[in-house]
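The values are calculated or read from the model by the stated rules, or taken from the named source; none is laboratory data. Remember, it's a predicted structure, so these values are computed and weren't measured experimentally. When we count neighbours, we look across all protein chains shown, and the Cβ atoms used for this are built from the backbone with ideal geometry, even at glycine.
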Amino acid sequence: MKPNLKSFSPHEPSTPVRRRFLRHTLGLGLIAGSAYGLGSLLIRSGPLAAAEKGGRFEISYSAAEWRRLLSPQQYYVLREQGTEARNSSPLLHEKRAGRFHCAGCDLPLYDAKTKYDSGTGWPSFYAALDNAVGYADDSAFFMTRTEVHCRRCGGHLGHVFDDGPAPTGKRHCINGVALGFRAA
């Protein structure tokens, strides 16, 4: 028994094969175009973009110098505003007394007394040390959040949310790779 196969013709736009091909091709094109066009909006916002437009931080290096100083993952988070994988940081389980420092410039950022388990998979703190961090609006990925960055080098640390514990009600959700720890 011979199957009944309809031949493909570019002049018959109503054929199921052609419709499926066009839908797939156009869909991929729209996705790729959108990702390309929105790429700068998704990644380049906040203090790092401001610094590139003439703003300065106390500690400033070229991209090549930062790449030499940081691991690839640290560079991705601190300089490209990336996010480490959930539950991947050993600092998530750090419970000793001490201070958490910026991995980029070693500025003390958080006291271990303010660290708590938020259940999010990233180290969380309810308050930063005085004059340690800066904040910027982050509207990447079609949502508005408040970015937390090191005030001295501008390194992206994470975000702050209004669902933390007393006394501040804040949750500084911080990438562990952006931090170093020194026990007291």
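Details
- Within the stretch 156-184, the set of residues being surrounded by 13 or more Cβ atoms within 10 Å (Cβ to Cβ), in a loop (DSSP other than H, G, I, E, B) and touching a Lys or Arg at 6+ places or on another chain (Cβ under 6 Å) comprises 164 only.
- Residues in the stretch 108-146 that are part of a loop (DSSP other than H, G, I, E, B), of a type in the set (A, V, I, L, M, F, W, C) and buried (at least 19 other Cβ atoms within 10 Å of the Cβ): 122, 128, 132.
- Within the stretch 69-87, no residue satisfies the criterion of being closer than 11 Å to residue 123 by Cβ and among the small types (Gly, Ala, Ser).
- So residue 118, is it closer than 19 Å to residue 82 by Cβ and among the polar types (S, T, N, Q): no
- Conditions (1) without any contact (Cβ under 8 Å) to a residue 60 or more places away in the chain; (2) under 19 Å from the mean Cα position of the chain (by Cα); (3) over 22 Å from residue 63 (Cα atoms): number failed by residue 109: (1)
- Within the stretch 139-177, restricting attention to residues that are of a type in the set (Gly, Ala, Ser) and out of contact with any Cys (no Cβ under 7 Å at 6 or more places or on another chain), the residue that is farthest from residue 82 (Cα to Cα) is 166.
- Condition met for residue 107 (in contact with a helix residue (DSSP H, G or I) (Cβ under 7 Å, 6 or more places away or on another chain) and modelled with pLDDT of 95 or more): no
- Test: residue in the stretch 115-133 that is over 17 Å from the mean Cα position of the chain (by Cα) and among the β-branched types (Val, Ile, Thr): no
- The stretch 69-107, subset hydrophobic (A, V, I, L, M, F, W, C) and under 24 Å from residue 184 (Cα atoms), residue surrounded by the most Cβ atoms within 10 Å (Cβ to Cβ): 100
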